[in-house]
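Note sheet for the following structure.
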Amino acid sequence: MALRLLITAAFLASVTASADLPAPPKASDLADFPMTWTPDPIGAFDAAPLLDKPAGRLGPVVVKGAHFYTGDKRIKFWGVNLAFSANFPTHEQADRVAARLAHFGVNAVRFHHMDNQRFPNGLFADAKFETLSEEAMDRLDYFIAALKKHGVYSNINLHVSRHWSKAHNFENADKLPESYDKIVDIFHPEIIAANKRFARDMMSHVNKYTGNSYASEPAVCMVEINNEDTLFLWGGEQAIAKLPEPYAGMLNGLWNKWLAKKYETREKLAAAWAEGAQPLGATNLLAGTWAPEAHGGAAMTPKRDGPTITLDVTKTGPNDWNAQYGHPKLKLEKGKFYTLTFTAHGDKPRKIGLGASQAHAPWQNLGLIAQPSLTTGAKPYRFGFTATEDDDNARISFTVGQSTGVVTLSDIQLREGGQEGLQADESPIAAAAGSVPVATHKPGDSVTASRKADWFTFLHQTDEAYWVDMRNFLRDDLKVQAPITGSIGIGPLGTLSQTRMDFVDAHAYWDHPRFPGKGWDPRNWLIDNKAMVDNPAGATLWKLAAIRAAGKPFTVTEYNHGHPNDWQAETIPLIATFAALQDWDAVFMFAYSHSAQFEREAPTSYFDIEANPAKMPMMPVGARIFLGGAVQPLAESLTVKATMPDMLKHASPSYYDAWRFIGLATDVKWDALLKNRFAVEFPGSPAPQGREAERPRVAPPLWTSGGKPGTGQFQFRGDGAHVFVGFGPLPLESGASRAPVNVTALDTPFAAVVVVPADPSKSLTEADRLLICAAARAENTGMKWNDKRTTVSTDWGKAPTRIEPVKATLSLPADYTVRALDMTGKIIHESKTENKTLKLGNTPTLWYELIRN
């Protein structure tokens with residue numbers, strides 16, 4: 001995961017208070033549950049038998065049709081990430097970690113952030129990031145060999161977080177809008193050349209413990225060129241408009257050269273861009289009442305003087321939208337273009353947010369998101385947008401809660417029309433050559449659709465050319481035999497570029513921490529502490545599914561719900577079940593560890609799962625669901641077409657959001673993805689290879705929510721697995737009588753319960769042994785939350801971890817001897833079921849083995 005801040009809409013509505021959720025567990029509700037670390041088999045839950053050993057035994061991983069294969073056998077990957085020094089354990093650590101991962105069902109490791117620093121936290125021997133450290137490579141080699149022995153494949157990440165421009169003192173490198181040369185490395189020749197040299201050094205390196213170069217190593221399952229990078233990156237539209245020199249000049253030159261080649265004369269360009277031009281309408285639509293709002297503890301004093309409003313923010317809340325100034329009851333018409341103009345300044349240089357959205361639930365954006373930068377001198381601003389929906393109660397909102405201070409707005413007007421084509425002082429040709437600026441194109445520009453279409457076509461072609469060149473370099477020059485991807489798919493046009501790779505990848509996080517002050521400040525961070533199961537319409541799963549390209553393998557190489565979210569036990573059951581139903585090809589949790597200080601027994605960071613009782617115990621059941629086939633793919637499929645005209649039409653509002661594009665271009669809703677395997681057919685997608693074989697019907701999962709916190713329920717009832725995630729009272733009743741296992745009562749406020757056969761090739765009805773992982777809320781001893789339960793700052797606490805034992809009743813297909821297990825697989829209590837009914841919660845544990853009587 002690139003270390004970055006998430007981009008959020010600046011005008012989101014206030015959210016339901018976390019007080020609506022079940023109260024935090026009392027100390028008496030929690031029990032110590034040590035996350036004992038062992039490299040040895042973990043008893044009944046041991047998933048190492050699912051792994052084929054050694055990795056690569058049947059030959060290299062290749063792409064056949066829409067999936068990965070090794071030899072003639074399809075292969076899927078249930079993986080974890082390692083970051084920074086965790087990639088370079090000692091030899092003794094490597095053997096222990098490799099064994100532990102295999103026992104938990106992990107068959108792939110993604111080597112991430114290796115290029116960020118010098119050894120011991122990175123690969124390099126020097127501050128210029130040019131020479132690989134011999135010790136780092138020796139440790140990496142031994143680790144990959146140890147993983148291979150246990151049946152664990154390796155995913156090699158090339159450029160992730162090396163900041164070449166800073167290390168080599170490039171002009172204005174410190175002013176680039178994205179870390180680690182992202183965006184500019186797509187078109188900067190020297191950085192591209194440096195990344196190719198690094199790729200050559202890595203992939204041609206021979207591992208002395210396997211005897212193979214990484215280019216030819218059959219246990220390397222995939223190679224990623226450049227993590228989270230594209231011209232369609234989050235915030236990229238705004239970032240490109242604000243590139244410093246000389247980077248802006250480089251891109252500007254490419255843009256004007258592209259225009260000159262396409263149109264040949266200025267007259268042809270002007271005529272093309274004049275199509276759709278429309279003057280500004282005469283009527284200001286903002287003739288109603290403006291309303292100041294303050295939420296979440298923010299305080300703001302508005303003062304009006306004629307057409308001027310002064311907003312004095314004296315206290316901020318946890319989000320920038322906690323202080324805002326909006327105009328509701330505005331009528332917008334779908335497909336109509338509007339232009340917003342105003343004059344503004346601040347008492348200091350600062351950013352504000354603005355947008356057009358619904359003034360009612362679900363507060364959906366209607367086509368405009370922007371973050372203008374204010375100076376201390378009054379300046380005019382102009383933003384245009386096409387309304388994405390009809391709405392009689394829309395609003396224009398200014399968000400000013402980013403910091404305290406005074407913002408002054410005046411002469412705010414919203415009028416129809418305002419699209420402009422080629423300006424009088426612009427030309428890519430002749431005397432004024434190169435004068436069509438890239439900075440003209442930014443969120444909210446008021447240009448014609450034809451001009452905008454050319455801009456996005458140029459960005460896509462530039463983006464795609466980079467990825468194709470890099471892939472060809474790896475495949476043809478370096479002879480890399482593993483499947484190669486460029487980066488994750490971001491937005492429809494960014495994803496289109498990735499369809500030219502061997503497979504398409506995606507990342508997603510639920511409740512990623514945000515940092516109100518300095519980025520990644522370990523003291524000043526917040527989470528929303530909400531459950532995804534409560535918000536099915538806003539779930540991350542659909543955003544991932546919208547990246548899946550028809551005819552290509554699809555992977556999710558980063559996924560997590562941020563720790564210490566109270567409801568994070570939902571993470572693995574939801575992603576494993578959905579990925580299996582969708583027939584995806586790989587899922588990697590982010591991350592196993594960010595440090596070589598392995599064998600920890602309490603989680604003290606946002607993402608590491610190594611010692612997290614809400615996640616690590618779920619890994620071996622997740623492996624049985626996803627790798628072992630305990631959950632089979634849905635029989636029905638749904639493929640939608642993403643045409644180039646549609647992608648260009650919706651390019652700005654869906655710039656980095658492919659799921660938003662699906663909503664704008666099709667009538668597909670989230671619940672259709674619970675019933676169908678979903679894919680997007682992009683231009684140039686591989687043609688289907690023959691008629692798809694008929695699949696057995698799989699009952700789709702049920703996902704409901706009462707529209708407020710603490711009401712969501714997800715349940716999958718299959719022949720090979722039962723998965724429940726959510727809140728009581730229970731249960732969802734549809735289909736209960738036909739299911740071999742049911743959660744019939746839940747006395748704990750929230751739980752994630754997974755039941756699978758120990759041998760996933762068996763059904764729940766016929767299996768002699770069943771495994772149950774049941775998790776609820778968990779925390780470290782001494783962890784200290786703030787009053788709103790949205791941060792622990794640096795008060796993470798320590799071992800032992802403490803769990804809220806799940807108290808639930810399950811109906812079963814037979815009677816069983818029930819063994820409660822600890823994290824090593826040791827039996828800590830034994831009992832028997834009666835009348836095919838099991839009551840959980842009498843023993844403080846997460847793991848149960850059931851042996852048929």
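The values are calculated or read from the model by the stated rules, or taken from the named source; none is laboratory data. Quantities reported herein were computed from a predicted structural model and do not represent experimental measurements. Glycine gets a Cβ as well: all are built from the backbone with ideal geometry, and neighbour counts include every protein chain shown. Each accessible area value is taken on the protein alone, full model and side chains, heavy atoms only, with ligands, DNA and RNA left out. Shrake-Rupley method; radii C 1.70, N 1.55, O 1.52, S 1.80 Å.
Quick look at the values:
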| item | result |
| --- | --- |
| Listed peptides 39-47, 744-752 by packing density, highest first (mean Cβ within 10 Å) | 744-752, 39-47 |
| Whole-number percent relative contact order across the chain, with pairs defined as alpha carbons under 8 Å at least 6 apart | 14 |
| Prolate/oblate/rounded label for region 305-446 (Cα gyration tensor, a/c 1.5) | oblate |
| For region 664-677, 3J(HN,Hα) per residue [Karplus equation, 6.51 cos²θ - 1.76 cosθ + 1.60, θ = phi - 60°, Hz, x = Gly/Pro] | 7, 9, 9, 9, 6, 10, 4, 5, 5, 7, 7, 10, 9, 5 |
| From phi via Karplus (6.51, -1.76, 1.60), per-residue ³J(HN,Hα) for region 599-612 in Hz, x at Gly/Pro | 6, 6, 10, 7, x, 9, 8, 5, 10, 5, 9, 3, 10, 8 |
| Whole-angstrom gap from region 458-509 to region 581-657, using each part's C-alpha centre | 19 |
| Summed side-chain charge close to Val755 - residues other than Val755 whose Cβ falls under 11 Å, Lys, Arg +1, Asp, Glu -1 | +2 |
| MRE, 222 nm, helices only [DSSP H, n ≥ 4, -39500 (n - 2.57), over the chain, to nearest 500] | -5500 deg cm²/dmol |
| Surface accessible to a 1.4 Å probe, Leu770 within the full protein complex, Å² | 0 |
| DSSP-defined antiparallel bridges as percent of all bridges, the chain, nearest 5 | 75 |
| Ranked packing of 195-204, 398-407, most packed first, by mean Cβ within 10 Å | 398-407, 195-204 |
| Highest-first arrangement of 263-271, 629-637, 491-499, where packing means the average Cβ count within 10 Å | 491-499, 629-637, 263-271 |
| Out-of-range pairs (alpha-carbon distance over 27 Å; input Lys26/Lys530; Lys196/Lys518; Lys262/Lys334) | Lys196/Lys518; Lys262/Lys334 |
| Alpha-carbon centroid distance for the pair region 193-240 / region 700-724, whole angstrom | 39 |
| Efficiency of FRET from Cβ geometry, Met250 and Arg475, R₀ 35 Å, rounded to 0.05 | 0.85 |
| Per-residue ³J(HN,Hα) for region 763-770, Karplus 6.51 cos²θ - 1.76 cosθ + 1.60, θ = phi - 60°, Hz, x for Gly and Pro | 8, 4, 6, 8, 5, 7, 10, 10 |
| Rounded if a/c under 1.5, otherwise prolate or oblate - region 804-853, Cα gyration tensor axes | oblate |
| Rounded tilt (10° steps) of 247-263 against the dominant C-alpha axis of the chain | 70 |
| Pairwise Lys count, region 339-479 - Cα closer than 27 Å, eight or more residues apart or different chains | 8 |
| From the coordinates shown, Cα Rg over 2.2 N^0.38 Å corresponds to which of (1) 0.96; (2) 1.04; (3) 1.21 | (1) |
